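A short worksheet on the structure shown next.
The values are calculated or read from the model by the stated rules, or taken from the named source; none is laboratory data. Just so you know, these numbers come straight off a predicted model, no measurement behind them. With ideal geometry, Cβ positions are generated from the backbone for all residues, glycine too; neighbour counts draw on all protein chains shown. Heads up: the accessible areas ignore ligands, DNA and RNA and are worked out on the full protein's heavy atoms, side chains in. Shrake-Rupley method; radii C 1.70, N 1.55, O 1.52, S 1.80 Å.
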Amino acid sequence: MTDDALRLLDLHRDRASFPRRVVEHLAALNQPPSALIFAWELSGLAPGLDAERRKRLFAIALALLCAQAQGHTRMALVPESGGPADLLFQAFGLAPFDLEAFLRAEAPVLAGDPGDARPLILQDGWLYTQRLLDHEVELASRARALAALAAEGVVEPPGSLFRLRAGRSLNPEQRQAVAMALRGGLTLITGGPGTGKTSIVVTILRALLRQPGMRLEDIALTAPTGKAAQRMGESIMESLAQMENPEGVDLDLQGATLGPATLHRLLAWHPAQERFRHGPGNPLSARVVIADEASMISQEHLCRLLGALAPGARLVLLGDADQLPSVEEGCAFSDLVRSLGPRCATLRTSYRMDAGDPEGRNILSVAAAIRTHADPWEGPEPIHARAAVEDLAFSRVELLEPGPGVMEAFLERWLQREVTSLEDFLPRIARTYAFTGGAWAGADRVHLDALFRHFSQFRILCALREALDLRGVQDINRHFHRRMLALTGEGLRTPVPFCAGEPVMMTANDYRRGIFNGDQALVLKVLFDGALRQAAVFPRPGGYVPFPLDPLKHQLEHAFAMTVHKSQGSEYKRIAIVLPKTNHRALTRELLYTGLTRASKGVVLLAERERVPFAAGNPSLRETGLAERLAGHGA
């Protein structure tokens, strides 16, 4: 919690009711003051409570909000000893008490049973908010119904459909996934990075378009973020371009503009009305929806997607059930994979980290060890410990412990080896790019291609946004910004928030401009029809789109480094992963696995050696009831 947030709490009229230990506990959990204020106001809705009983209701509401902020959809009514809720109650100075009995006796206007119109719902030893319980119940019901749906009159695709390009065909597990997608109402396809999920999407598209009456406009492609949607579109177009002997509908596909939409855009979010246009009363027109990076989709948004399907429409979800779950509540995709086995195809063969390539083989082996909680320091493909920055080869998986001065030395080497290593880097970023009549000059396009290709090959990933000793996203980005200012000479007289040649990322959705949270760009000088502006240039299928920087600058942040969560859906040749100095709760098996598998050639782990086994033994467990409901237990 920042100093500004603490000052905001000090201004609240009831600040004396906020125990200092509770405020400090929330700060350690990185929770905003709004959670504390909302819980306090909620506790005031129960009439007739004295100060002690209101404090108990305040503590319960705050514990539930904190549980939701950590990704859980519910909270146990008997808190685990030493768990987050128990520690929060201790911060309130409360001895253990019966939460369910208290809520039923003292706050019946706030807490009830399923079906009651109450903000808090008690069910089978758990406490939910009504909103999340409703989504969980609805999602389970819709998913079971969709899984029972089967397509009729399916035309078997010709064998030539499974040949992707010279010397490469779909393997048996990929063929099974395609067959399931052609026939099933709900198909789940899970696999690690590089297991050919995009190849499957292309083959599914080609097979669907050979079904009677199916048109390209009957198929919707989507992903949860702008970056994931962009990567999905690029990968599909690349695969289509490499097809062997395209014919008929294949040629039509190659000539089509395939632009996967974000979920928000697919469901037509209306910001002014704060609702989606598409839903049960106004379904999508698509007969088949194919969604990539499904592990990133929250339980609520997956529920909305299923609710927006037209009667008889089918859904294909692709993702990696072992990756980090969504930033928001739930782990819907992994719950579906665990619970609906007959509708799930699992891909195991990796093509990104080629087992025949020494670098890829090492990354693949270490990632598998983390995923299975094996020892990544043993065996033929271990993590390679390095004693100093100078010893790093930036190949395979290496670990460097960040002693005094190590992070500064590493970042300087990263700047020289990665960021500024492109030939003519400084002239390219200092160049004025001309965008006239909606098009780039030919020479400018060549330089843009080189810059974007360069920056797509590396990234620093962090577990935390804020951390001391250059261990967090914000401090690392500030460090590189200072170095870029010095290199370019920009901002020497007047500080500037961004300078030419810096990678940036959107932190909010901008529907008017069509750029979204997570979209990445480069800051460059652009001549807009004769007017020189500093601009954020975003890659798009087949080109680049610039936007003047001034209107966007409060929605952008530097992207030399980003969180592992933000990196999902991306692929780089080389990455560095910066882990916390202590056994932080954010350091999980899924986080480390997800980070490792963003790279195909080299990973540098900047962490104390003991952080690795801690992460491998700390799975990201989320409390949800979705799997139970999918199995038919619970209303």
* When only residues in region 38-53 that are more than 19 Å from residue 79 (Cα to Cα) and touching a Phe, Trp or Tyr at 6+ places or on another chain (Cβ under 9 Å) count, which is surrounded by the most Cβ atoms within 10 Å (Cβ to Cβ)? -> 43
* Asked: Does at least one position in region 359-366 carry a residue that is polar (S, T, N, Q) and either part of a helix (DSSP H, G or I) or in contact with a Cys (Cβ under 9 Å, 6 or more places away or on another chain) (or both)?
  -> yes
* Any hit, region 345-356, residues being modelled with pLDDT of 95 or more and part of a loop (DSSP other than H, G, I, E, B) -> no
* Looking only at region 305-328, decide whether some residue is open to solvent by 20 Å² or more (accessible area, probe 1.4 Å) and assigned to a helix (DSSP H, G or I). => no
* Asked: Of all the residues that make up region 287-304, how many are buried (at least 21 other Cβ atoms within 10 Å of the Cβ) and in a loop (DSSP other than H, G, I, E, B)?
  -> 4
* To do: Output the residues belonging to region 17-29 that are open to solvent by 10 Å² or more (accessible area, probe 1.4 Å) and in contact (Cβ under 8 Å) with a residue 40 or more places away in the chain.
  => 17, 19, 21, 24, 25, 29
* Asked: Taking region 231-245, which residues are touching a Lys or Arg at 6+ places or on another chain (Cβ under 9 Å) and open to solvent by 40 Å² or more (accessible area, probe 1.4 Å)?
  -> 242, 244, 245
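In region 120-136, which residue that is out of contact with any Gly (no Cβ under 9 Å at 6 or more places or on another chain) and surrounded by 15 or more Cβ atoms within 10 Å (Cβ to Cβ) is farthest from residue 72 (Cα to Cα)? Full working, then the answer.
Quick first cut of region 120-136, residues out of contact with any Gly (no Cβ under 9 Å at 6 or more places or on another chain) only: 125, 127, 129, 131, 134.
Narrowing further to those that are surrounded by 15 or more Cβ atoms within 10 Å (Cβ to Cβ): 127, 129, 134.
On the way: 127: 11, 129: 11, 134: 15 Å.
Ranking the qualifying residues of region 120-136, first place goes to 134.
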* Is there any pair linking a residue in region 64-89 that is free of Cβ contacts under 8 Å to residues at least 24 places away in the same chain and within 19 Å of residue 103 (Cβ to Cβ) to one that is of a type in the set (Asp, Glu) and part of a loop (DSSP other than H, G, I, E, B), with Cβ under 9 Å and at least six apart or on different chains, and which? -> 86/80
* Asked: Which one is least open to solvent (accessible area, probe 1.4 Å) among residues in region 472-493 that are under 21 Å from residue 507 (Cβ atoms) and of a type in the set (Lys, Arg)?
  -> 478
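Every residue, every condition in (1) closer than 20 Å to residue 480 by Cβ; (2) free of Cβ contacts under 8 Å to residues at least 60 places away in the same chain, yes or no:
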position	(1), (2)
392	yes, no
401	no, no
404	no, yes
409	yes, yes
414	yes, no
422	yes, yes
429	yes, no
432	no, no
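The rows are residues; the columns are (1) surrounded by fewer than 14 Cβ atoms within 10 Å (Cβ to Cβ); (2) over 19 Å from residue 573 (Cα atoms); (3) among the hydrophobic types (A, V, I, L, M, F, W, C).
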residue: 344; (1), (2), (3): no, yes, yes
residue: 348; (1), (2), (3): yes, yes, no
residue: 366; (1), (2), (3): no, no, yes
residue: 394; (1), (2), (3): no, no, yes
residue: 407; (1), (2), (3): no, yes, yes
* Output the residues belonging to region 445-471 that are open to solvent by 60 Å² or more (accessible area, probe 1.4 Å), closer than 30 Å to residue 605 by Cα and among the basic types (Lys, Arg). => 453, 465
* Asked: Between a first residue in region 533-560 that is touching a residue at least 12 places away in the same chain (Cβ under 8 Å) and a second residue that is surrounded by 22 or more Cβ atoms within 10 Å (Cβ to Cβ) and acidic (Asp, Glu), which pairs have beta carbons less than 8 Å apart while being 6 or more apart in sequence or on different chains?
  -> 538/519; 558/502; 560/502
* Asked: When region 277-286 is examined, which residues are found to be in a strand (DSSP E or B) and open to solvent by 20 Å² or more (accessible area, probe 1.4 Å)?
  -> 282
* For region 424-444, indicate whether the set of residues that are open to solvent by less than 60 Å² (accessible area, probe 1.4 Å) and closer than 24 Å to residue 566 by Cα is non-empty. => no
* Criterion (without any contact (Cβ under 8 Å) to a residue 24 or more places away in the chain and either surrounded by fewer than 15 Cβ atoms within 10 Å (Cβ to Cβ) or within 30 Å of residue 213 (Cβ to Cβ) (or both)) met by exactly one of 151, 147, 95 -> 95
* To do: Sort through 596, 630, 524 and tell me the only one that's out of contact with any strand residue (DSSP E or B) (no Cβ under 7 Å at 6 or more places or on another chain), open to solvent by less than 40 Å² (accessible area, probe 1.4 Å) and not charged (D, E, K, R).
  => 630
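Go through region 160-262 and tell me which helices (runs of 4 or more DSSP H), entirely inside it, have 2 or more residues that are in contact with a Ser or Thr (Cβ under 6 Å, 6 or more places away or on another chain).
It comes to 172-183, 197-208, 226-241.
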* Asked: For region 579-598, does any single residue satisfy the condition of being assigned to a strand (DSSP E or B) and of a type outside the set (S, T, N, Q)?
  -> no
* Asked: Picking from 256, 268, 261, 228, which residue would you name as being open to solvent by 10 Å² or more (accessible area, probe 1.4 Å) and at pLDDT below 85?
  -> 256
